[in-house]
Structures are given as structure tokens and as C-alpha cells.
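Here's the structure we're looking at; comments come further down.
Here, each number is a calculation from the coordinates, and none is a lab measurement. Bear in mind the structure is a predicted one, so any value in this text is a computation, not a measurement. For neighbour counting, all protein chains shown are included, and Cβ atoms are generated from backbone atoms with ideal geometry for every residue, glycine included.
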Amino acid sequence: MADPTPQQVSEFIAAGLQCEHLEVEGDGRHFFATIVCEAFTGKSRVARHQQVYAALGDRMREQIHALSMKTLTPAEWAASAAPPPSATAHRTH
């Protein structure tokens, strides 16, 4: 069985979770995913990861050697994309 591409891993996750944003990088064995999903609201990090593992099913054991994840709600994603306050502050002399 061929190693999956990042695009395929993204498709596997998207098939099981309705994601507002999904980005997967990797080398065919080790992957890093940023997953933004409304279904994560109110869930712990462990519960969020379990939802992703459930979406991947047997592929997690058979095709994907390692998956690191950043799992965020849409509100957390929006907050993380905002520039830090110091970046927008103006100095006056």
C-alpha cells in the first residue's frame, strides 16, 4: 500500500469532519494538520484528537505513521489569526 499524500490525508479527515479550515503537511509517513471545526467547541484537546482519529479510522493504524495536530474552533482560529496588540499599537512621543 502506497504512503498517502498530504492531500489524501486532508481528504480523509474532511470526509469525516466538516472543517472550516484544513491544512495538512507531511512526507507520506509523518503529518502535521491544522484543523478548524465547529464540532470541537466545548471539547478538550484529547476529545478533539479522538474525533480526528475517528474520521481517519483504520488509516491511522495502516497508512499514517504519525499525525501531529492543532485542533481549533472557528473562534480560536480567528483569535490566533489576529495580529498581536503590540503589532498594531502606535507610539506617540
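Amide H contacts under 5 Å for F31: A66, L67, S68, restricted to partners 5 or more places along the chain or on a different chain, H placed in the peptide plane at 1.01 Å from N.
In which sequence would C19, C37 go, from the one with the fewest C-beta neighbours within 10 Å to the one with the most? Walk me through the numbers before you get to the answer.
Values: C19 21, C37 24.
Ordered from fewest to most neighbouring Cβ atoms within 10 Å, C19, C37 come out as C19, C37.
Return the FRET efficiency for the residue pair R29, Q50: r is the Cβ-Cβ distance, R0 is 22 Å, and the value is rounded to the nearest 0.05. Between R29 and Q50 the formula returns 0.50.
Its relative contact order, with pairs defined as Cα atoms under 8 Å and 6+ residues apart, puts region 6-77 at 37 percent. Against the main long axis of the alpha-carbon atoms of the chain, helix 6-16 sits at an angle near 90°. If R0 is 25 Å, the Cβ-Cβ spacing of H65 and H21 corresponds to a FRET efficiency of close to 0.55.
Sparse packing (at most 16 other Cβ atoms within 10 Å of the Cβ) combined with a DSSP loop state is found for the following GluC sites (Glu not before Pro) in region 1-60: E20.
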